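Structure first, commentary second.
The values are calculated or read from the model by the stated rules, or taken from the named source; none is laboratory data. In this text, all values refer to a predicted model and were calculated from it rather than measured experimentally. Don't worry about glycine lacking a Cβ; one is built from the backbone with ideal geometry, like all the others, and counts go over all protein chains shown.
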Amino acid sequence: MQFLKNLWNRIPWASLGHSLAVSFVFFCILVGILLVPLGLPGTWVIVAGSLLYSFFDSFDGGATSPWRVNAILIGLAAFGEIVEFAVGTLGGKPFRVSNGAIVSAFFGGIVGGIIGVPVFLIGALLGIFLGAFLGALFYEWITLKTFSRAFVNAMAVLASRIVATFLKASLAVGMGVYLAFKIF
């Protein structure tokens with residue numbers, strides 16, 4: 001029994017705690033980056049990882065205020081949501097895409113993402129894009145009564161959805177890199 005007690009006392013708990021905290025943050029960064037293309041709030045997962053890390057350890061060895069790091073990440077996450085919303089909804093406006101098509105694309109993306117989940121790795125992402133396209137296409141086709149114009153409008157909605165996803169995913173990668181540099 002004394003042997004186990006001595007072994008327990010020799011464990012470097014401080015470095016183990018730091019290693020666990022860093023591992024948790026990198027897990028949050030990875031999960032956050034992977035969630036963004038699926039239309040889920042991955043940037044906020046990165047922010048949550050940063051907030052939890054700042055409770056247990058310091059950034060840059062104490063050289064940087066945790067308030068500053070977390071405020072920057074929260075600001076970037078909010079900016080990402082605004083950009084995704086603006087590009088996703090206003091991207092089709094130059095093609096005179098109706099608001100109903102944008103709403104139908106939103107719900108079509110949700111349904112497509114759910115249906116696409118069983119396809120390993122990329123099914124949900126493809127389902128989101130295909131669902132958004134089909135939602136906009138069917139709505140525009142029903143309201144405009146011409147397939148060619150409905151197809152052009154649906155392609156505009158799809159393109160804006162792809163651009164919005166790419167921009168937000170790029171922002172999530174940037175947030176992850178910033179947080180990684182602040183940890184070390």
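In this structure, residue 38 does satisfy being under 9 Å from the mean Cα position of the chain (by Cα), of a type in the set (A, V, I, L, M, F, W, C), over 20 Å from residue 74 (Cβ atoms) and at pLDDT 80 or above. Among the numbered conditions (1) of a type in the set (Gly, Ala, Ser); (2) surrounded by 15 or more Cβ atoms within 10 Å (Cβ to Cβ); (3) within 16 Å of residue 167 (Cα to Cα), the only one that residue 75 does not meet is (2). Residue count for segment 86-106, restricted to those that are in contact with a helix residue (DSSP H, G or I) (Cβ under 6 Å, 6 or more places away or on another chain) and either closer than 19 Å to residue 165 by Cα or not in a helix (DSSP H, G or I) (or both): 10.
The single residue among 121, 126 that is out of contact with any Ser or Thr (no Cβ under 7 Å at 6 or more places or on another chain), among the aliphatic types (A, V, I, L, M) and not in a helix (DSSP H, G or I) turns out to be 121.
Looking at 143, 165, just one residue is polar (S, T, N, Q), over 18 Å from the mean Cα position of the chain (by Cα) and modelled with pLDDT of 90 or more, and that residue is 143. Against the numbered list (1) among the polar types (S, T, N, Q); (2) under 29 Å from residue 178 (Cα atoms); (3) touching a Gly at 6+ places or on another chain (Cβ under 6 Å), residue 104 comes up short only at (2). Residues in segment 47-72 that are aromatic (Phe, Trp, Tyr) and surrounded by fewer than 17 Cβ atoms within 10 Å (Cβ to Cβ): 55, 56, 67. Among the residues of segment 107-118, the ones that are of a type outside the set (Val, Ile, Thr), in a helix (DSSP H, G or I) and free of Cβ contacts under 8 Å to residues at least 40 places away in the same chain come to 4 in all.
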